[in-house]
1. For region 51-67, give me the residue count where each residue is within 21 Å of residue 109 (Cα to Cα) and assigned to a helix (DSSP H, G or I).
2. Which of the residues spanning region 34-79 are under 14 Å from the mean Cα position of the chain (by Cα) and acidic (Asp, Glu)?
3. Output the number of residues of region 111-129 satisfying the condition of being under 13 Å from residue 6 (Cβ atoms) and free of Cβ contacts under 8 Å to residues at least 24 places away in the same chain.
4. State all residues of region 14-43 that are polar (S, T, N, Q) and under 17 Å from residue 86 (Cα atoms); if no residue qualifies, say none.
5. Give region 1-47 a look and list any residue that's outside any helix (DSSP H, G or I) and either surrounded by 15 or more Cβ atoms within 10 Å (Cβ to Cβ) or not hydroxyl-bearing (Ser, Thr, Tyr) (or both), or say none.
6. Considering only residues that are surrounded by fewer than 18 Cβ atoms within 10 Å (Cβ to Cβ) and either touching a strand residue (DSSP E or B) at 6+ places or on another chain (Cβ under 6 Å) or not in a helix (DSSP H, G or I) (or both), which ones fall in region 68-114?
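All of the numbers you see were taken from the coordinates with simple rules; none came from a lab. It should be emphasised that the depicted structure is a prediction, and the values quoted were computed from it without experimental measurement. Glycine gets a Cβ as well: all are built from the backbone with ideal geometry, and neighbour counts include every protein chain shown.
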Amino acid sequence: MAQKELENRTDVSKLVRSFYAKVRKDTVLGPIFNGIITDWESHLELLTNFWETQLFLKRKYHGNPIKAHNDVDDKMNHTVSPEHFGLWLNLWFETIDELYTGDTAFIAKNRARQMNTMLYMKIFQHRTK
């Protein structure tokens, strides 16, 4: 598949949908996501809004990713681990590399790396409360 620049909402949607198709099939991540998310279409739209906001400053996302990830960890009996975050990040990078090139693709990787670390740290802090 030929790479292109990551330029707009359509590209973000393709990235999010391609990525979560992999997540849903992953032997480690799939059971977590498929067990918690009941309305995939709404979830994919929410995440497209999130990434469009992150990459293009469109202010379409209005949510709390820290609370969402803490809630997932609570539902998983506090078993979300750095391995889960590493697998997620590897699949994200793989999907970007398959589809996109350029500065915005690089930014998408950096933002994911930063969020990945921050979200796991927030989960760890939440467990100690």
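1. 8
2. Listed by number, the residues that qualify are 45, 52.
3. Going through region 111-129 one residue at a time, the tally reaches 1.
4. Residue satisfying the conditions is 27 alone.
5. Matches in region 1-47: 1, 2, 3, 4, 5, 6, 7, 8, 26, 28, 37, 39.
6. Scanning region 68-114 gives 76, 77, 78, 79, 81, 101, 102.
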